[in-house]
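Note sheet for the following structure.
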Amino acid sequence: MENPIFLGFILGLAYMAFELPNSFFKRKLGIKPGESALNKKYFFVMLDKIDSAFGVALVYYLLGCVNFSTAILLLFVNSLTHILMSLVLVSLKIKSSF
């Protein structure tokens, strides 16, 4: 990718766009913004942690910035980082829920 501003814009757009389906499904199930899903709680918690990472990894792959295996590694590392940071923030009582 030659233009870092364009890449940053596209990655930011992908990050936000891949948050939308999760929110849409939660609203359809009657879950309000900021609320936890009581039914299928762990599914939505994990989806919250990996949806944006998936979008970013997909864009990197589709733009030819990385190969498929690197995109999978990127997805894994970003998702794991998100999960670990959430745990740290909850344990420090900076964030109220995982």
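In a reduced charge model with +1 at each Lys and Arg Cβ and -1 at each Asp and Glu Cβ, the chain shows a dipole moment near 540 debye about its Cα centre.
Straight-distance candidates among the lysines for linking to Lys40, with alpha-carbon spacing under 20 Å and chain neighbours fewer than 8 residues away dropped: Lys26, Lys28, Lys32, Lys49.
The candidate values were (1) 16, 55, 28, 1; (2) 18, 40, 25, 13, 4, 0; (3) 15, 39, 32, 13, 1; the one computed from these coordinates for P(r) over Cα pairs in 10 Å bins from 0, in percent carries the label (3).
FRET efficiency for the pair Met46 and Phe68, taken as 1/(1 + (r/R0)^6) with r the Cβ-Cβ distance and R0 = 22 Å, rounds to 0.50. Shown for the chain: the carbon plus sulfur share of the solvent-accessible area, taken with all protein chains present and a 1.4 angstrom probe, equals 72%. Of the trypsin sites (Lys or Arg not before Pro) found in region 26-91, those in coil by DSSP whose Cβ has at most 14 other Cβ atoms within 10 Å are Lys40. By the scheme Lys and Arg +1, Asp and Glu -1, what is the net charge of all other residues having a beta-carbon under 15 Å from that of Lys41? In short, +2. Its relative contact order, with pairs defined as Cα atoms under 8 Å and 6+ residues apart, puts the chain at 27 percent. Positive-end ranking of Phe54, Phe24, Ala71 along the dipole of region 23-98, with charges on Cβ about the Cα centre, is headed by Phe24. Between the helical axis of 68-91 and the longest alpha-carbon principal axis of the chain there is an angle of about 30 degrees.
Annotation for region 1-61: chymotrypsin sites (Phe, Trp or Tyr not before Pro) lying in DSSP loop with at most 14 further Cβ atoms inside 10 Å of their Cβ do not exist.
The values are calculated or read from the model by the stated rules, or taken from the named source; none is laboratory data. Worth saying up front: this structure is predicted, and the values here are computed from it rather than measured. Glycine gets a Cβ as well: all are built from the backbone with ideal geometry, and neighbour counts include every protein chain shown. Side chains are part of the model used for accessible areas, which takes the heavy atoms of the whole protein and leaves out ligands, DNA and RNA. Shrake-Rupley method; radii C 1.70, N 1.55, O 1.52, S 1.80 Å.
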